[in-house]
Amino acid sequence: MKIVFVGHFAPLSQELEQASSVAGNQVQRQIFQDIRQQCGVEQAACFVMTPQAFWPRGAFIAPSRTEGAIEFIGYLNLPVLKHLIFALRLLMRLLVVRPQLCLQYNSYVFENIALLLFRLCRRGSALAIFIQDIHIESGKAQLSKSGLRALAERTSLVLSKRFDMIVPISSAIIDDFNFLPRKCFVFQGGITDFADQMMKGSEQRLEEVGVFAGALEPHNGIDILVDQWVACGIKQKLHVFGRGSLERHVRQVAMQSESIVFHGFQPERVVLAWQLRASWNFCLRYSLGLNEAYFFPSKLFNILCAPGSVVVNDFHAIPEDLRAHLCVVADDLSDLKSILTAAVEMISPDRIRNLHELMRSSHSWSSCIRKVIHTLRPDLSEEIRCPNQ
């Protein structure tokens, strides 16, 4: 059985640009890794568009390259044209490989058309799509950049209705975009290899420090966090990793307070080392610049595998089986100080062990992929190997 995964992430040899997401890279690599484990190394292929800012902010040409079984398809890095070129080249590769199942990460107009055309040419093939992010802002002028992007996204979602299976991160996406429920199942995300590294280091001695790692954007609440950390007079240090539009604000607060330490954007291994020693890891989410019902912070699953406590606000669609393992703070973080104290008391070897078992059994991408394959290709179910064998 041949399976193709179509993604948008950066090569390992390339430094991550602003257009790339650390969490998105981790998740998509995990998906392909689990596909290979379940279907066999020789039966899986991956075609990828490298995220880059448009020329002249980015390179004029995104070159083709390979990384094992992953093929990064090159394109001219110009608005609209880049997506059209990638989609055409993707269609050509699909017609050569002729997979029985294509899995796509997120929805794009030209890619959706290419995949639908391939299914038309390859009788008996099936298409599935993971819809993890939707960038539609209301109230934007139709001819503005945001308005045109929203139009393209809506068009792509209309096309994705023709796929055989849709895997959105929330039931709100099914309802708001009128997907057929019988074609859908909700999957909010799962652990990656980053989580496995956390589990292996879970016996490390903790320090009374907090860690925030992620995009420094309003929807992640980093400005609220650093402001409240200082306002509450918290003496322990908060270490901040990342980059984004609020970077200047975080730098200014860090310069004025010894309790805030700003590290900027750092390699994963550096972030991992700090998250393993932190008593508190933060994962906040607000509907600021995005609709939180159309996103889910995938980093939550990984940091739940760290030995410290995880502090969250009560954002949309927190999985009920994980809620008991989270320390929930008010949206304005007014009770931050008391929550930090209570969070330390939650830390115990038994809690860590039970949580790790829960994450492996109920929140893994392998279980999601297995369900997609078994649903769309039940005739090939016997070919699927359990990844634990």
In degrees, nearest ten, helix 109-121 long axis to first principal axis of the chain (Cα): 40
R0 of 25 Å, Cβ-Cβ distance residue 341-residue 261: FRET efficiency to nearest 0.05: 0.75
Contour excess over end-to-end distance, with Cα ends at residue 332 and residue 123 and 0.36 nm allotted per residue: 69.9 nm
Burial order of peptide ranges 166-174, 348-356 (average beta-carbon count within 10 Å, highest first): 166-174, 348-356
Inter-label distance, nm, simple model (7 Å from Cα along the C-beta direction), residue 193/residue 67: 1.0
Relative contact order [Cα under 8 Å, 6+ residues apart], the chain, whole percent: 15
Dipole of the stretch 1-144, positive direction: furthest Cα of 33, 50, 115, with charges on the beta-carbon: 115
Helix-only CD estimate at 222 nm, as mean residue ellipticity for the chain, using -39500 (n - 2.57) per DSSP H run (n ≥ 4): -12000 deg cm²/dmol
Cα centroid of the stretch 98-122 to Cα centroid of the stretch 208-244, whole Å: 41
Entries in 145/337; 200/299; 145/237; 2/161 that, when Cα-Cα distance is taken, lie over 29 Å: 145/337; 145/237
Per-pair calculated FRET efficiency, R0 = 30 Å: residue 252 and residue 203 via Cβ, rounded to 0.05: 0.20
Packing-based ranking, highest mean first, of 235-243, 255-263 given that Cβ atoms within 10 Å are counted: 235-243, 255-263
Rough spin-label spacing in nm, given labels placed 7 Å along Cα→Cβ, for residue 323 and residue 78: 5.3
Listed peptides 277-283, 327-333 by packing density, highest first (mean Cβ within 10 Å): 277-283, 327-333
Distance (nanometres) between label positions extended 7 Å along Cα→Cβ at residue 171 and residue 15: 4.6
Percentage, to the nearest whole number, of Cα pairs in the chain over 31 Å apart: 38
Convex hull volume of the stretch 1-63 per residue (C-alpha atoms, cubic angstrom): 83
The stretch 145-179-the stretch 65-91 distance, computed between alpha-carbon centres (Å): 22
Helix 81-97 axis, angle to the chain major axis (alpha carbon atoms, nearest 10°): 60
Modelled FRET efficiency - R0 51 Å, residue 374 with residue 231, Cβ distances, 0.05 increments: 0.50
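No value in this document is a laboratory result; all are computed from the given coordinates. Bear in mind the structure is a predicted one, so any value in this text is a computation, not a measurement. All Cβ positions, glycine included, derive from the backbone under ideal geometry; neighbour counts span all protein chains shown.
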